[in-house]
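The values are calculated or read from the model by the stated rules, or taken from the named source; none is laboratory data. Just so you know, these numbers come straight off a predicted model, no measurement behind them. Positions of Cβ are backbone-derived with ideal geometry, glycine not excepted, and every protein chain shown enters the neighbour counts.
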Amino acid sequence: MSDKITTHTAEDDPRNSDIQIWVNGSLTHRAQAMVSVYDSGFMLGDGIWEGMRLYNGNWAFIDEHIDRLFEAAKAIDLDIGMDRDGVISAVLETQLANSMSTDVHCRLMITRGIKVLPFQHPSLSRSGPTMVIIMEHSTPKLPRPITLATVPHQRGLPMTQDPKLNSHSKLNCILACIAAEKAGADEALMLDVHGFVNTTNACNFFIVRKGAVWTSTGDYCMNGITRQKVIDLCNSNDIPVFERNFSLVDTYSAEEAFLTGTFGAQTPISNIDGRQIGCGEMGPITKQIRNLYKSLILAKT
């Protein structure tokens, strides 16, 4: 599409050409920041990550993000090599080195580290973990609501790769995104193993029907922190909200649809599989939730 956008489209910011990146305890200019070709994350996608947002000098919901990071590390049996305070200190050190105060996105990545041989067995990673923190000045830029296309790629069962895990192994989602782009959409709408509407390749998915907010059960998707904040805000502001199974038939006839994620907060959707959703613009319930979320962020800063 000529006006291609994604849920992570941001304003151009020349300051990002001169950022310092945290790599294993050292801050390095982005042009020199590197990891080994033998790193397990590069070779096999063996690692975990978190995305966080800085608003008015405060990292939104940082405790919950760090909780999720350590839960993921335990799930894949990865020793991060530092405690929670150490990770938070590294984030703050990187923020200070870049003189950042607001509208910043942080990508915190930890892999199993450098391998002695280019094979998958985790015992071949013997040097300790690799940890990288990238921070960029990042103001979301959304010239229009995004469009989605349903793709054949699924968020699968926990015994294959649990979709609740924020892992570096994102190929399934990347292939979904490519399929959506080939279909002329901005991003992909993915179903679960039972054919119910689940999530997109990058964000959690919500619809609005008859004034009520619906999202998936959460069984087959990343249980996003922003997703949970939206559910909590609905519950505390008398907006009916349901975590439930629903189909594409329910979705196509929704009055509104939107995505949630750390970067874009709430992103409106205009069109799914060639079908206009509601009026094709951000609807009143989505606007209300966005305003409630902004107030929640301001209350934390």
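Yes or no, residue by residue, for (1) more than 21 Å from L69 (Cα to Cα); (2) at pLDDT below 95:
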{"site": "H168", "(1), (2)": "no, yes"}
{"site": "L171", "(1), (2)": "no, yes"}
{"site": "L175", "(1), (2)": "yes, no"}
{"site": "A183", "(1), (2)": "yes, no"}
{"site": "E187", "(1), (2)": "yes, no"}
{"site": "N204", "(1), (2)": "no, no"}
{"site": "R209", "(1), (2)": "yes, no"}
{"site": "N223", "(1), (2)": "no, yes"}
{"site": "T226", "(1), (2)": "no, no"}
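Counting only helices (runs of 4 or more DSSP H) that fall entirely inside region 223-301 and contain at least 1 residues that are in contact with a Leu (Cβ under 7 Å, 6 or more places away or on another chain) and farther than 22 Å from T6 by Cβ, the qualifying elements are 225-236, 284-299. The set of residues in region 56-78 being touching a residue at least 24 places away in the same chain (Cβ under 8 Å), over 16 Å from S167 (Cβ atoms) and either outside any strand (DSSP E or B) or not hydrophobic (A, V, I, L, M, F, W, C) (or both) consists of N56, G57, N58, A60, F61, I62, E64. Touching a residue at least 60 places away in the same chain (Cβ under 8 Å) and surrounded by fewer than 22 Cβ atoms within 10 Å (Cβ to Cβ): is that true of R144 in this structure? Considered against the rule, which asks whether it is touching a residue at least 60 places away in the same chain (Cβ under 8 Å) and surrounded by fewer than 22 Cβ atoms within 10 Å (Cβ to Cβ), R144 comes out as yes. The set of residues from region 219-235 being touching a residue at least 40 places away in the same chain (Cβ under 8 Å) and over 18 Å from E50 (Cβ atoms) comprises Y220, V230, L233, C234.
Collect the residues in region 5-33 that are among the basic types (K, R) and touching a helix residue (DSSP H, G or I) at 6+ places or on another chain (Cβ under 8 Å), keeping them in residue-number order.
Within region 5-33, just R30 meets the criteria.
Of the residues contained in region 100-114, one or more are found to be more than 22 Å from the chain's Cα centre (by Cα) and either over 28 Å from P268 (Cβ atoms) or loosely packed, with under 14 Cβ neighbours inside 10 Å (or both).
Does region 99-122 include one or more residues that are assigned by TED's automatic domain parsing to the domain that holds K74 and touching a Cys at 6+ places or on another chain (Cβ under 8 Å)? Looking for residues that are assigned by TED's automatic domain parsing to the domain that holds K74 and touching a Cys at 6+ places or on another chain (Cβ under 8 Å), one finds none in region 99-122, hence no.
Per-residue answers, yes or no, for (1) within 21 Å of the chain's Cα centre (by Cα); (2) surrounded by fewer than 23 Cβ atoms within 10 Å (Cβ to Cβ); (3) closer than 22 Å to E281 by Cβ:
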{"site": "N198", "(1), (2), (3)": "yes, no, no"}
{"site": "C203", "(1), (2), (3)": "yes, no, yes"}
{"site": "R209", "(1), (2), (3)": "no, yes, yes"}
{"site": "D219", "(1), (2), (3)": "yes, yes, no"}
{"site": "M222", "(1), (2), (3)": "yes, yes, no"}
{"site": "T226", "(1), (2), (3)": "yes, yes, yes"}
{"site": "K229", "(1), (2), (3)": "yes, yes, no"}
{"site": "D232", "(1), (2), (3)": "yes, yes, no"}
{"site": "D238", "(1), (2), (3)": "no, yes, no"}
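Yes/no matrix, rows are residues, columns are (1) farther than 19 Å from I19 by Cα; (2) in contact with a helix residue (DSSP H, G or I) (Cβ under 7 Å, 6 or more places away or on another chain):
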residue	(1), (2)
Y38	yes, no
G47	yes, yes
G51	no, no
D77	yes, no
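Against the criterion of being surrounded by fewer than 18 Cβ atoms within 10 Å (Cβ to Cβ), more than 18 Å from S89 (Cα to Cα) and of a type in the set (G, A, S), G25 does not qualify. Within the span defined as region 245-267, one or more residues are over 30 Å from L298 (Cα atoms) and without any contact (Cβ under 8 Å) to a residue 40 or more places away in the chain.
Okay, residues lined up against (1) over 18 Å from F206 (Cβ atoms); (2) in contact (Cβ under 8 Å) with a residue 60 or more places away in the chain:
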{"position": "V151", "(1), (2)": "yes, no"}
{"position": "R155", "(1), (2)": "no, yes"}
{"position": "P158", "(1), (2)": "yes, no"}
{"position": "Q161", "(1), (2)": "yes, no"}
{"position": "S169", "(1), (2)": "yes, yes"}
{"position": "N172", "(1), (2)": "yes, no"}
{"position": "L175", "(1), (2)": "yes, no"}
{"position": "I178", "(1), (2)": "yes, no"}
{"position": "L189", "(1), (2)": "no, yes"}
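Looking across region 17-42, the residues that are part of a strand (DSSP E or B) and of a type in the set (V, I, T) come down to I21, V23, T28.
The conditions of being within 23 Å of K141 (Cβ to Cβ), basic (K, R) and touching a helix residue (DSSP H, G or I) at 6+ places or on another chain (Cβ under 9 Å) are not met by R84.
Residues in region 32-73 that are of a type in the set (G, A, S), more than 22 Å from K115 (Cα to Cα) and buried (at least 20 other Cβ atoms within 10 Å of the Cβ): A60 only. Taking (1) over 30 Å from S17 (Cβ atoms); (2) not in a loop (DSSP other than H, G, I, E, B) in turn, R107 satisfies each apart from (1).
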